[in-house]
Structure formats: C-alpha cells, structure tokens
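The values are calculated or read from the model by the stated rules, or taken from the named source; none is laboratory data. Since this is a predicted model, take the numbers as computed values, not measurements. Neighbour counts are summed over all protein chains in view; Cβ atoms, including those assigned to glycine, are modelled from backbone coordinates with ideal geometry.
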Amino acid sequence: MVEHIAEMIIPQDDTPGARQAGVAEFIDFMVANRAPVSGSRDVRSTEDALEMGNEAQNRFILGLDWINTHCRAEFGRAFMDSTHEQQNSLLEELAYKTKFKPTTESGREFFQMMRDYTVVGYYTTKIGLESLGYPGLRTTWPKMPGCTHPDDPEHAHLREPTNPMIKTQQSTS
Amino acid sequence: MATKIYDVIVVGTGAGGGTAMKILCEAGLQVCAINSGPRTNPATDYRRHRQVYDLKYRGYGDPLRLKGKAHQEPYSVEESEYSEGRDLFEHDVAYSNAPGTDWYWKRCKGTGGKANFWGRSSARFGDIDFKAADLDGVGENWPVDYAEISPWFSKAERYMGVASTIQNRPSNPDGEYLPPMPWRCLDYIIQKGAEKIGVPYLPDRCAQLTIEHNGHLACHYCGNCSRGCDVGSFFSPTWFTIPEAEATKNLTLLTNALVRSILVDENGMAKGVAYVDRPTRKEVEVYAKVVVLAASCVETAHIMLNSKSRHWPTGIANSSGQLGHNLSDHLYGNPGYGYLPQLLGQPATPDNIADSTVTWMPRWQNLKNPREEKFIRGYSIYMGGGCGEFPGHYGQIEGFGSKYKKEIKRYYPTPVGALIQAPALPSPNNYIDIDPEKKDIFGIPQLRFHYEWGPNELLMWEHSKQVMIDLFNAMGGEMWGADAEPNRAGTSLHEVGVCKMGNDPKTSVTNKWAQAHDVQNLYICDASIFPTITDKTTTMPIVAFAMRTCDHMLDNFKQGVHKRA
C-alpha cells in the first residue's frame, strides 16, 4: 500500500517513478528506525529525536488505517481494493485545498507526511536526481559555467519550453 | 630525564592556531601544538564525491547517533551524515545556557577545526569597522586601523587565495584577488532587481581557488564544499598550514588532548598548559616559554577563566575583568525566500557546484551618514538558490501525480533565498562565565553562556525583511515567506569579543598585538580578540591577525623579551 501510494504521488512518466526508485523500502526503513524527515519539533537531544520519531511512526501507521477505514466507509472496500478513480479522488480530497472536507483532517495530515517521505525518498536517489537533471551528479567541471544569457540579464525573454504532459493532465482533470 | 620545554605551545589547530604553528615552526622555533580531538583525515572524514543516496539515512542521520553523549544537539552546518561514525565534532563536553539564553555552540574538535568546513567568505574589515565609534559615538574604536592591518590582509589573501573583483565600496576595502566565480542566471536577475532599489549585488570575496594557487589545485566544482574538500582547493588548515608546519620537523602535534588550564610560574607568567588526555582521562602537563591560545573564541576564554591561581583569582590575565565579556555574534536568519518566475521550466543549471557565496550584498546602510537608519552600523546579505542537491521547494506546490512531479522540475531552477549577517553590538548582558556547579565528564568546570539579541541587531533584522519584499518586487520574483525568528545565537560561528584587544589594560584583555596585557608570554590567535563584530566574516581576518601577532612574537624572541627554551 505504501509502495502504491508513493507511486501515485510520484508516478512513472517520462522518467521513472517512486516504485523504480525504491521509495517504499526507504519509507519502511525510516519509519521503522523512527527517523522523521519532516516535523516542526525542535530536536535538541536524542530524547527529542526519539519522541519525534515515535510520533512519526505512530502517526504513519494510524494514517494508513485511516485511509482504509475511510475507503471502507466511502467505497465499501479497503484502499487497495478500491478502483483507481476512487483512490485518486480520495487523495485529491487530501491534497488540494479546494477539495478539503472538515472530516478529513487526519487523512490530510497523513497525506502530507506520506508525501514528504515520498518526495524525500525519491529525490535522494540517483533516479530522482537524474529526473531533475541535478548537475552535482557530475563531480568534475573544468570551470563553473555560469549564465549563458548575459545579453538578457533580467532573463525577461526566456521562453518556457512547452510541456504537453501538463496540458493533457489539465484537460482531463 | 629532563622535562622537555618547548619554545611555544599553540592550543588549537584551526584558522588561527594552524597559521601560528606554521609561522613559528618555519621560523625555527620548537612548537608543541595541542588539539582537543583526533587528526582529521580527508580520505575518511570528508564527502569525497559520495552522493546523498550513498548514505543510509540519506543525510538525515541515525536518530540514535548521539545516544549517551553529553552534548546531543543535532547536525550543524559542518557536521553531517558524511562524517558520521567519525569523531570530529564535540559531543562529549557539555556547556550551560543561563536562563533565557539559547546559545548553540558548535565545535569541531578534529585538527583544523571548523576551518576545514567553513563558508569561505573573506572580506576585509575597513576603517568603517575599526573606527566605528568615531563615526557613531558608540563603544570604542579598535586599537588598530586599516593602514596598519591592510598589509596583513594582503599577506593572508596571497596565502589563502581569495576570488573576487575590485569594487571601490566604502564599507569594503578591496584586496588582492584571484579571478571571480562566474555569475549564474539567478545572480543577473537579482542584481538587476537590487540595482532598482539601490542595493549593491557583487561578487563575494570567496576563498575558493578559481585557478591553481601556490601549488594548491584549482577547484573542480564537485559541490558540497562544507563537507570538506577532497583536494584542498580552498584554504583549510588540513590542506595548508598543518602540513607546512609538519614539513619543518619543528612541530610536535598532540591529539585528543583537551586543554583545561594554563600553568603559571611564581610570577604569574605562563609556563605551560595542563590537558586531559581523552583516552586515558589522565591529566598531563606540557611546558613552554610562550603559550598561544587559539582554541576558538569562547573556548579560549573558557581555558583562561579556568586558569585560576594565586596571581589570577578570576582567571589568567583578567585584571581588567573583561575576560568573557563583550560576547558578540552575527545575527543570522532568512529574511525572505521565494522564486524567480523568469526561470520556470528552464533546464537545470549547475548553480551549487561551487557551493559558495558566489555573490553578496555588502553593507549599504549608514554609509553616507552613520545615523541615516533607525539602527547604527550595518549588515550584509548573502543570496543563494537555483538548482541544488534537493528540491526543497516541493512543499510550496500542491497536489500529487505526474503533474506534481513536473511542477517540481519546472520550479527546480527558480528558488532563491537570503541570509542576513547582522553584527550584534556589545552588551553587558552578553558574556560567558564558568558554571558555578556543573562540570563536564572530564571534571572541567563548564562554560556558561549569557546572551540575548539587542535592539540594534533586531532593527536590522526587521529592516532586511522589508528589503527582501522590495527586492522580490523589483526583480519580478514571488515571495514564499521569511523566517519568523532569527536563528539561534551561535549559529554563525563568528562570535568575537571575549578577550578583546585594546590599548588600555584596564578595559581590555590583550594589547593591539593580541598579547595579554598582564601576561606577556601569552598570546591569542583567534576571534576572541576582536572588540566588535562587523558585517563581515572572521576567518580571513583571524589568519591576518595571527600572522601579525606571530611576527610581533618573533620580534620579541629576537629582542630577548622571550628566551628560547
């Protein structure tokens, strides 16, 4: 289920998705070792870290339960047995402010946390960094290349490359 | 067996101590350098081109890594999972904060200290700093002026290698520079915006080798410099001063030796130091004709405060009562961050491969008239951003799925943020003393901090937030937010003042050569001697002042003020 939701958050498209990047294994490892990747608590000691890690672990497990309970109530089955449309509409309710409902607060907290783990888990892999074109993967540069448009210092005339995928998504949603 | 007596003991091997060791050894003196932690080894302790996916916790670190340690605060700028399992950072020695104080004391105990991992900004102080009291009537001038220090800045720059340009700014004397770093797209955009609101945006003085320098390789831009440089392409004791001192064969380097106090002779002069050998926890004494303290600002004062004797009931060389006082730090914080829509969807650019302050906004306030603003003196800002090691902007974007993933990539080149570097004015409320009750695990009385931000630096903080709003407007950026509060005191690692230099022995700890007024064979080679903090960083000036202090000390050896062992 963690692997499935992670892949919904960062799917395979023109670059690999969360599954291929092993995000679920990372999340399992971090949650099991009580290592949070987000949180507002100020960590000053091992005790703080443990408290925060325990809290993250509990919230994560309860969150997965919340998703299943919610799906059973709404769709009559657990999350993984719900249709793709049902899964998608639930996550949209948790992800987009305009679709928030007063009854889904715990679910939204879980989604936030799940998304944090997924994004961290994905963009700290070689696959994820390659999908961004992270330049630091190359470890020797003869010099720092710098800006290639010094004739347009304000960069007012750069053209944003068109992105057909975004348009398709918008027209179908 | 006769007890060995060295010419000089140098306590600490960082920016100042390393420089002192090198100069004194090269002059033919027998030097014993004492370092509180182990030897730093770039081959095992630094990042060495590893990526975040090579780390078990992907940089977040094992939450249990500090279990059982006396000092358990989390990773600082310099410390990271890359050095986990090594013993370079101080987690065994605890310190205290007085009620209301929240000082974050970050210590690197490996040889070379924090200067192995420093930020490399290297501006000169000017008379606007040395003679600030003449301009605004607050506090005292430094006992030196720019004309006197300028040749030493040149020496330090020539030795370290600093990349920048000639800028002719009243607050920032120009120096001797290597070619500057090229600007990134975001720098051009910010510069244009800054120009519209009358704020300078210029290449920083960056101690990073843009070309080969004195036999040190030019930077190969692997990034993540603050995790240690694998080839020594920026100044650090590990790659510069320590090997040069060792090459003379005049150096004895003791490691894992935590100095607790300075020993005095029957006249109250320094005759050596007492240290705790960490592995055995035994106390050991070493003797020398001259003692140099360069243990990092507050630790130097800690050792002196703990050096009590019949002659020095409140700590060695403290007849002025100023030891531990005048503690000042840079107020750090992010006064505004957001993104540059101009760069949306552009291909990733190598913006962080120099991992440095490529540019900065050097102090522009109170230049024409020292009382132009609501605050006195002034601050600087470093801006950064672009394509980094992690898309930290992901939280600003709503949603999930392929569209979300593409938006993360679309925004990847666009984020920009700021770091204010605002000098705190000395205040009677800000000082260090010895905790009357607590001792660390080695039995050494703990250092205690008393510190709060004062109104002047908080006015600068508020001012900088408005500047960022204006800047984002002027450069066509969109703001996401700003830090609600400045960072914890201590964050900048630039603290100064606790052994301040001055001409009057009644109001200062050392003379203008950083030689203790009361104890003429005790010198200090770190930032504790700086009477005030400026809008500039401290490392290059520490090196310059250490060079000058050692030159003076060598003169004193020549003239018989100090006798060789």
All positions within the stretch A:15-31 that are facing another protein chain (nearest Cβ under 9 Å) and in a loop (DSSP other than H, G, I, E, B): A:Thr15, A:Gly17
Those residues of the stretch B:153-189 which are in contact (Cβ under 8 Å) with a residue 24 or more places away in the chain, hydrophobic (A, V, I, L, M, F, W, C) and under 24 Å from B:Arg377 (Cα atoms), in sequence order: B:Phe153
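Rundown of residues vs (1) in a loop (DSSP other than H, G, I, E, B); (2) under 22 Å from the mean Cα position of the chain (by Cα), yes/no style:
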| position | (1), (2) |
| --- | --- |
| B:Asp7 | no, no |
| B:Val10 | no, yes |
| B:Gly17 | no, yes |
| B:Pro38 | yes, yes |
| B:Arg47 | yes, yes |
| B:Arg50 | yes, no |
| B:Lys56 | yes, no |
Where B:Phe449 falls short, out of the listed (1) touching a residue at least 24 places away in the same chain (Cβ under 8 Å); (2) part of a loop (DSSP other than H, G, I, E, B): (2)
Filtered residue count, the stretch B:47-76, keeping only those that are closer than 17 Å to A:Gly128 by Cα and of a type in the set (D, E, K, R): 4
Residue that is surrounded by the most Cβ atoms within 10 Å (Cβ to Cβ) [pool: residues in the stretch B:201-223 that are of a type in the set (A, V, I, L, M) and free of Cβ contacts under 8 Å to residues at least 24 places away in the same chain]: B:Ala218
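Can you find even one residue in the stretch B:23-34 that is under 28 Å from B:Asn224 (Cα atoms) and crowded, with 16+ Cβ neighbours inside 10 Å? So that I can check it myself, show each step before the final result.
Going residue by residue through the stretch B:23-34, those that are under 28 Å from B:Asn224 (Cα atoms) are none.
No, every residue in the stretch B:23-34 fails to be under 28 Å from B:Asn224 (Cα atoms) and crowded, with 16+ Cβ neighbours inside 10 Å.
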Long-range neighbours under 7 Å by Cβ, at least six apart or interchain, first residue facing chain A (nearest Cβ under 7 Å) and more than 30 Å from B:Gln365 (Cα to Cα) within the stretch B:402-422, second of a type in the set (D, E, K, R) and surrounded by fewer than 21 Cβ atoms within 10 Å (Cβ to Cβ): B:Ser402/A:Asp13; B:Lys405/A:Asp13
Inter-residue pairs, beta-carbon under 9 Å, first without any contact (Cβ under 8 Å) to a residue 24 or more places away in the chain and acidic (Asp, Glu) and in the stretch A:1-17, second surrounded by fewer than 19 Cβ atoms within 10 Å (Cβ to Cβ) and not in a helix (DSSP H, G or I), 6+ apart: A:Glu3/A:Arg19; A:Glu7/A:Arg19; A:Glu7/A:Gln20
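Considering only residues of the stretch A:33-60 that are touching a helix residue (DSSP H, G or I) at 6+ places or on another chain (Cβ under 8 Å), of a type in the set (A, V, I, L, M, F, W, C) and without any contact (Cβ under 8 Å) to a residue 60 or more places away in the chain, which is farthest from the other protein chains (Cβ to nearest Cβ)? Walk me through it before giving the result.
So in the stretch A:33-60, the residues touching a helix residue (DSSP H, G or I) at 6+ places or on another chain (Cβ under 8 Å) come out as A:33-39, A:41-43, A:56-57, A:59-60.
If we keep only those that are of a type in the set (A, V, I, L, M, F, W, C) as well, we get A:35, A:37, A:43, A:56, A:60.
Retained after the next criterion (residues that are without any contact (Cβ under 8 Å) to a residue 60 or more places away in the chain): A:35, A:43, A:56, A:60.
On the way: A:Ala35: 5, A:Val43: 5, A:Ala56: 10, A:Phe60: 15 Å.
For the stretch A:33-60, the residue satisfying everything is A:Phe60.
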Some residue of the stretch A:115-125 being within 26 Å of B:Phe472 (Cβ to Cβ), within 8 Å of another protein chain (Cβ to nearest Cβ) and of a type in the set (Ser, Thr, Tyr): yes
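Could you please find all residues in the stretch A:93-110 being more than 8 Å from chain B (Cβ to nearest Cβ) and either in contact with a Gly (Cβ under 8 Å, 6 or more places away or on another chain) or touching a residue at least 12 places away in the same chain (Cβ under 8 Å) (or both)?
Filtering the stretch A:93-110 down to residues more than 8 Å from chain B (Cβ to nearest Cβ) leaves A:93-94, A:98-110.
Hits for the stretch A:93-110 are A:Glu93, A:Leu94, A:Thr104, A:Ser106, A:Gly107, A:Arg108, A:Glu109, A:Phe110.
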Considering residues of the stretch A:148-173 that are within 7 Å of chain B (Cβ to nearest Cβ) and under 31 Å from the mean Cα position of the chain (by Cα) only, the residue modelled with the lowest pLDDT: A:Gln169
Any hit, the stretch B:381-400, residues being touching a residue at least 60 places away in the same chain (Cβ under 8 Å), away from chain A (no Cβ under 14 Å), of a type in the set (A, V, I, L, M, F, W, C) and buried (at least 21 other Cβ atoms within 10 Å of the Cβ): yes
Residue match in the stretch B:487-503 (condition: surrounded by 22 or more Cβ atoms within 10 Å (Cβ to Cβ), over 20 Å from B:Ile533 (Cβ atoms) and at pLDDT 95 or above): no
Hits in the stretch A:126-136 (condition: surrounded by fewer than 17 Cβ atoms within 10 Å (Cβ to Cβ), on the phi < 0 side of the Ramachandran plot and facing chain B (nearest Cβ under 7 Å)): A:Lys126
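Identify the residue in the stretch B:405-440 that is aromatic (Phe, Trp, Tyr) and within 30 Å of B:Cys185 (Cα to Cα) and, among all such residues, is farthest from the chain's Cα centre (by Cα).
B:Tyr411
So, of the residues in the stretch B:136-192 that are of a type in the set (Phe, Trp, Tyr) and in contact with a helix residue (DSSP H, G or I) (Cβ under 8 Å, 6 or more places away or on another chain), which turns out to be nearest to the other protein chains (Cβ to nearest Cβ)? Give the steps one after another, and end with the answer.
Initial filter on the stretch B:136-192 (of a type in the set (Phe, Trp, Tyr)): B:142, B:146, B:152-153, B:159, B:177, B:183, B:188.
Of the ones still in play, those that are also in contact with a helix residue (DSSP H, G or I) (Cβ under 8 Å, 6 or more places away or on another chain) are B:142, B:146, B:152-153, B:159, B:177, B:183.
Details: B:Trp142: 36, B:Tyr146: 32, B:Trp152: 30, B:Phe153: 25, B:Tyr159: 23, B:Tyr177: 16, B:Trp183: 6 Å.
The extreme case among them is B:Trp183.
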Residues (in contact (Cβ under 8 Å) with a residue 40 or more places away in the chain and surrounded by fewer than 24 Cβ atoms within 10 Å (Cβ to Cβ)) located in the stretch B:282-304: B:Val286, B:Tyr287, B:Lys289
Conditions (1) more than 14 Å from chain A (Cβ to nearest Cβ); (2) not in a loop (DSSP other than H, G, I, E, B): number failed by B:Ser427: (2)
Residue match in the stretch B:309-328 (condition: surrounded by fewer than 24 Cβ atoms within 10 Å (Cβ to Cβ) and of a type in the set (Lys, Arg)): yes
Some residue of the stretch B:340-356 being touching a strand residue (DSSP E or B) at 6+ places or on another chain (Cβ under 6 Å) and either more than 13 Å from every other protein chain (Cβ to nearest Cβ) or closer than 16 Å to B:Ala482 by Cβ (or both): no
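Take the residues in the stretch A:18-27 that are surrounded by fewer than 22 Cβ atoms within 10 Å (Cβ to Cβ) and touching a helix residue (DSSP H, G or I) at 6+ places or on another chain (Cβ under 7 Å); name whichever of them is nearest to A:Leu50 (Cα to Cα).
From the stretch A:18-27, those surrounded by fewer than 22 Cβ atoms within 10 Å (Cβ to Cβ) are A:19-20, A:22, A:24-25; that's our starting set.
Keeping just the survivors that are touching a helix residue (DSSP H, G or I) at 6+ places or on another chain (Cβ under 7 Å) gives A:19-20, A:24.
Values: A:Arg19: 28, A:Gln20: 30, A:Ala24: 22 Å.
Only one residue tops the list, namely A:Ala24.
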Enumeration of residues in the stretch B:36-50 that are within 14 Å of chain A (Cβ to nearest Cβ), of a type outside the set (Lys, Arg) and buried (at least 17 other Cβ atoms within 10 Å of the Cβ): B:Tyr46
